[in-house]
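Enquirer: Sending over a structure as structure tokens; questions will come in a sec.
The values are calculated or read from the model by the stated rules, or taken from the named source; none is laboratory data. This one's a predicted model, so the numbers in the text were calculated from it and none came from an experiment. Note that we place each Cβ from the backbone using ideal geometry, even for glycine, and neighbour counts take in every protein chain shown.
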Amino acid sequence: MDYKRILTIQDISCVGQCSLTVALPILSACGIETAILPSAVLSTHTAGFSGYTFRDLTEDMPAIMNHWKKEGILFDAFYTGYLGSTQQIDYIKEIFGSLGKPGAVKIVDPAMADNGNLYPAFDRDFVAAMRPLCAEADIILPNITEACFLADVPYIEKPDEESVEALFRALSSICSGKIVLTGVGYREGKTGVAVYDNGIIRHYEHDWIEPGCHGTGDVYASAFTGAYVRNPDLFNAAKTAADFTVKCIEATVDDKNHWYGVKFEKALPYLDKALNG
Ligand code: PXL
């Protein structure tokens, strides 16, 4: 296997098993050199903790980017997640345009919402700013809530094949790339991912494990990105990441005190096996 270098751009939530503290170990476990551009530093994530600190790193981005340009540092892939400001989106577009090797893949997780609501830090202006970033991506990884905000349609609480097809149609006018839509279950006790590639929709179903855990979106996106950069087979990467995410949830649900994230570390050997046999 050749050795790839990825740049991931998302926040450091110091505690909470999300964003960079999840992306770095998972991408490293996938055998990919992982560079980071932190969008912000928070004491914890914002989903369930109160009184968290937040340091926006927008102002640091141009100098970091310019240093990399001077050094001639280039990336095989980019993966963006939770961002600190709308201005960062312009810097990321510049990074996409200037720091990629030929054919570098651009993966955007528009991490901004879940369960029908935007996260506390975001508003409609952020959603509007996220659309042009999604337009530049080769692959976007929204959950149903994010997809509905991006497409500017009401939240779909109980998706069915028809509503998901309509959602993909609406999204395809915003982004020309491929779409992996998470949290799509058509039957009781099941969830899954719907994968849109050039007008073709495929669905991968797996068990829904109560209760829904925090941080699974970042675990999913990181594992998807790792699997896809290793082998650019969209459906296969979507499936590998879904199976890994289920293993992470299974490793967590029995511990009622562990509400803030998933114990993905316990499932890393499974991911290694799925990728390397
Ligand atoms: O993508 C999840 C996430 C990442 N980072 C921060 C968050 C969340 C979800 O709430 O608050 C800071």
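Enquirer: Would you check which residues across region 120-162 are modelled with pLDDT under 95 and within 14 Å of the ligand (Cβ to nearest atom) and list them?
Expert: Of everything in region 120-162, those that are modelled with pLDDT under 95 and within 14 Å of the ligand (Cβ to nearest atom) turn out to be P120, A121.
Enquirer: Evaluate region 235-252: report whether one residue or more is surrounded by fewer than 24 Cβ atoms within 10 Å (Cβ to Cβ), in contact with a Phe, Trp or Tyr (Cβ under 6 Å, 6 or more places away or on another chain) and part of a strand (DSSP E or B).
Expert: No.
Enquirer: Scan region 221-232 and give yes if some residue there is over 15 Å from L27 (Cβ atoms) and within 18 Å of the chain's Cα centre (by Cα), otherwise no.
Expert: Kept after step one, since they are over 15 Å from L27 (Cβ atoms), are these residues of region 221-232: 232.
Narrowing the set further to residues that are within 18 Å of the chain's Cα centre (by Cα) leaves 232.
Checked region 221-232: at least one residue is over 15 Å from L27 (Cβ atoms) and within 18 Å of the chain's Cα centre (by Cα).
Enquirer: Next question, about the same structure. For region 31-43, enumerate the residues that are buried (at least 18 other Cβ atoms within 10 Å of the Cβ) and over 11 Å from T8 (Cβ atoms). Talk me through it step by step, then tell me what you get.
Expert: Step one: list which residues in region 31-43 are buried (at least 18 other Cβ atoms within 10 Å of the Cβ), which gives 32, 34, 37-40, 42.
Selection gives A40, L42.
Enquirer: Right, something else. I need every pair where a residue in region 129-145 that is among the polar types (S, T, N, Q) has its Cβ under 7 Å from the Cβ of a residue that is part of a helix (DSSP H, G or I), sequence separation at least 6 or different chains.
Expert: Cβ pairs passing all conditions: N143/G217.
Enquirer: Sticking with this one: Quick check on S28: is it surrounded by fewer than 16 Cβ atoms within 10 Å (Cβ to Cβ) and at pLDDT 95 or above? Write out each step before concluding.
Expert: Numbers: surrounded by fewer than 16 Cβ atoms within 10 Å (Cβ to Cβ): yes; at pLDDT 95 or above: yes.
Yes; evaluated as a whole, the condition is true for this residue.
Enquirer: Turning to a different aspect of this structure: Looking at G31, G72, which one is at positive phi and out of contact with any Gly (no Cβ under 9 Å at 6 or more places or on another chain)?
Expert: Numbers: G31 fails: out of contact with any Gly (no Cβ under 9 Å at 6 or more places or on another chain).
Criteria check complete, one pass: G72.
Enquirer: Okay, next question. May I ask you to list pairs of residues, at least six apart or on different chains, whose Cβ atoms are under 9 Å apart, with the first in region 257-277 being without any contact (Cβ under 8 Å) to a residue 60 or more places away in the chain and part of a helix (DSSP H, G or I) and the second being of a type in the set (S, T, Y) and surrounded by 12 or more Cβ atoms within 10 Å (Cβ to Cβ)?
Expert: The qualifying pairs are K266/T252; A267/T245; A274/T240.
Enquirer: For the list (1) surrounded by 22 or more Cβ atoms within 10 Å (Cβ to Cβ); (2) under 25 Å from F244 (Cα atoms), I need the number of the one condition that V164 fails.
Expert: Looking at each condition in turn, V164 falls short on (1).
Enquirer: Out of region 28-45, which residues are more than 15 Å from the ligand (Cβ to nearest atom), among the small types (G, A, S) and under 18 Å from the mean Cα position of the chain (by Cα)? Spell out how you get there, then give the answer.
Expert: Taking region 28-45 as the starting set, the residues that turn out to be more than 15 Å from the ligand (Cβ to nearest atom) are 28-35.
With the extra rule that they be among the small types (G, A, S), the set shrinks to 28-29, 31, 35.
Correct list: S28, A29, A35.
Enquirer: Quick one: D218 ticks every box in (1) more than 16 Å from the ligand (Cβ to nearest atom); (2) assigned to a helix (DSSP H, G or I) bar one, so which box is it?
Expert: (1)
Enquirer: Quick one: what pairs do we get from region 43-70, first residue modelled with pLDDT of 95 or more, second away from the ligand (no atom under 16 Å from the Cβ) and in a loop (DSSP other than H, G, I, E, B), C-beta under 8 Å, 6+ apart or different chains?
Expert: Short answer, once both residue conditions are applied: M65/L99; W68/L99; K69/L99.
Enquirer: Which one is surrounded by the most Cβ atoms within 10 Å (Cβ to Cβ) among residues in region 46-72 that are assigned to a loop (DSSP other than H, G, I, E, B) and more than 20 Å from the chain's Cα centre (by Cα)? Before the answer, list the steps.
Expert: Of all residues in region 46-72, those assigned to a loop (DSSP other than H, G, I, E, B) come to 46-53, 57, 72.
Subset that is more than 20 Å from the chain's Cα centre (by Cα): 49-53, 72.
Working: F49: 14, S50: 7, G51: 6, Y52: 16, T53: 10, G72: 7.
Step by step, filter region 46-72, then rank; the result is Y52.
Enquirer: Considering only residues that are outside any strand (DSSP E or B) and near the ligand (Cβ under 10 Å from one of its atoms), which ones fall in region 1-16? I'd like the intermediate steps shown before the answer.
Expert: Within region 1-16, the first condition is being outside any strand (DSSP E or B), and the residues that meet it are 1-4, 16.
Result: G16, single match.
Enquirer: Could you identify the single residue in S85, S43, S39 that is polar (S, T, N, Q), out of contact with any His (no Cβ under 7 Å at 6 or more places or on another chain) and either in a helix (DSSP H, G or I) or more than 17 Å from M112 (Cα to Cα) (or both)?
Expert: On the way: S85 fails: either in a helix (DSSP H, G or I) or more than 17 Å from M112 (Cα to Cα) (or both); S39 fails: either in a helix (DSSP H, G or I) or more than 17 Å from M112 (Cα to Cα) (or both).
Just a single option satisfies the conditions, and that option is S43.
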